[in-house]
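What follows is a short report on a single structure.
The values are calculated or read from the model by the stated rules, or taken from the named source; none is laboratory data. All values reported here derive from a predicted model rather than from experimental measurement. Neighbour counts are summed over all protein chains in view; Cβ atoms, including those assigned to glycine, are modelled from backbone coordinates with ideal geometry. Side chains are part of the model used for accessible areas, which takes the heavy atoms of the whole protein and leaves out ligands, DNA and RNA. Shrake-Rupley method; radii C 1.70, N 1.55, O 1.52, S 1.80 Å.
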Amino acid sequence: MTTLGLIGSGNIGGTLARLAVAAGLDVVVSNSRGPETLAELVAELGPRARAAAAAEAAAAGDIVVVTVPLKNYRQVPVAPLAGKVVIDTNNYYPGRDGTFPELEDGTATSSELLQRHLPASKVVKAFNNIFYPHLAALARPVGAPDRSALPIAGDDADAKKAATELLDTLGYDAVDIGALNESWRSQPDAPAYGNPYAEARPFWEHAAAPAAAEKVRTAVAAAQR
């Protein structure tokens, strides 16, 4: 891949854009407020970046990251994402997003909701379980002894392979935790959410600490509903 599209350019989206540019990728960033509001981010990112409307970012990306609040997932453009790998960074926060009955009773995950909204796309869950300053701080080149791993989940094997390659490009190993219906194992309040990548708890108050694949697998396996 050569271009990463981003629908949403907040904390996680902006961090991924910076990692992508540092890795030599082009990025097309978007948000709900219009391309002109991303001028500062684009200036920081340099000539490999441009801002666009969400539909244009979706069309431009070889892989597209959807990183918007869950309550807004139905606003994600459908047609330009057909046939594409879509990385979903979403988490369900009822206080922000309102109540989703199927998430409350465990009959669906947030990524399954996005997959239903994008029936012709291939959704992979990733980047949702790490605090954005830690995501920025822990990227390492291939072969680094302190390289960290991130969990991914998805229903399509080729899409997960593409996501793994993207993670590798951005500086991370991948831990495949199964289908989208298993992605709850990396969601808020699960052991793998934030905790593996910090020196101590609460993770948001402490510096980043590397988390190799085995540490992440152990945390994922400890999740309970």
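Annotation: of all residues in segment 180-218 being closer than 25 Å to Val86 by Cα, in contact with a strand residue (DSSP E or B) (Cβ under 9 Å, 6 or more places away or on another chain) and among the charged types (D, E, K, R), the one that is most open to solvent (accessible area, probe 1.4 Å) is Arg217. Annotation: Gly194 fulfils all but one of (1) free of Cβ contacts under 8 Å to residues at least 60 places away in the same chain; (2) in contact with a Lys or Arg (Cβ under 9 Å, 6 or more places away or on another chain); (3) among the small types (Gly, Ala, Ser); the unmet one is (1).
Number of residues in segment 171-191 that are in contact (Cβ under 8 Å) with a residue 60 or more places away in the chain and within 19 Å of Asn11 (Cα to Cα) equals 4. For segment 1-40, a residue qualifies if it is of a type in the set (Gly, Ala, Ser), open to solvent by 30 Å² or more (accessible area, probe 1.4 Å), part of a helix (DSSP H, G or I) and within 20 Å of Phe127 (Cα to Cα), and exactly one does: Ala22. Checked against the criteria, Ala221 does not count as closer than 23 Å to Ala162 by Cβ, open to solvent by 40 Å² or more (accessible area, probe 1.4 Å) and aliphatic (A, V, I, L, M).
Would a scan of segment 65-75 turn up a residue that is under 19 Å from the mean Cα position of the chain (by Cα) and under 19 Å from Asp168 (Cβ atoms)? Even if it seems obvious, please write down each step before you answer.
First pass over segment 65-75, keeping only residues under 19 Å from the mean Cα position of the chain (by Cα): 65-75.
Keeping just the survivors that are under 19 Å from Asp168 (Cβ atoms) gives 65.
Yes, the conditions are met somewhere in segment 65-75.
The residues listed here are Val65, Val21; of these, the one that is in contact (Cβ under 8 Å) with a residue 12 or more places away in the chain, under 19 Å from Ile152 (Cα atoms) and of a type in the set (A, V, I, L, M, F, W, C) is Val65.
Remark: Ala39 falls outside the filter, which requires a residue to be over 8 Å from Leu6 (Cα atoms) and touching a helix residue (DSSP H, G or I) at 6+ places or on another chain (Cβ under 7 Å). When the criteria are applied in full, Ala43 meets the requirement of being over 25 Å from Ser121 (Cβ atoms), out of contact with any strand residue (DSSP E or B) (no Cβ under 6 Å at 6 or more places or on another chain) and open to solvent by 20 Å² or more (accessible area, probe 1.4 Å). Where helices (runs of 4 or more DSSP H) fall entirely within segment 59-169, those with at least 1 residues that are open to solvent by less than 20 Å² (accessible area, probe 1.4 Å) are at 94-97, 110-117, 132-137. Of the listed requirements (1) at negative phi; (2) modelled with pLDDT of 95 or more; (3) surrounded by fewer than 19 Cβ atoms within 10 Å (Cβ to Cβ), Ala174 misses just one: (3).
Within segment 120-136, residues that are under 26 Å from Pro77 (Cα atoms) and modelled with pLDDT of 95 or more sit with their Cβ atoms under 8 Å from residues that are of a type in the set (D, E, K, R) and open to solvent by 60 Å² or more (accessible area, probe 1.4 Å), at 6+ positions apart or across chains, in these pairs: Lys122/Asp155; Lys122/Asp158; Val123/Asp155. The residues of segment 46-58 that are open to solvent by less than 60 Å² (accessible area, probe 1.4 Å) and part of a helix (DSSP H, G or I), listed by number, are Ala54, Ala55, Ala57, Ala58.
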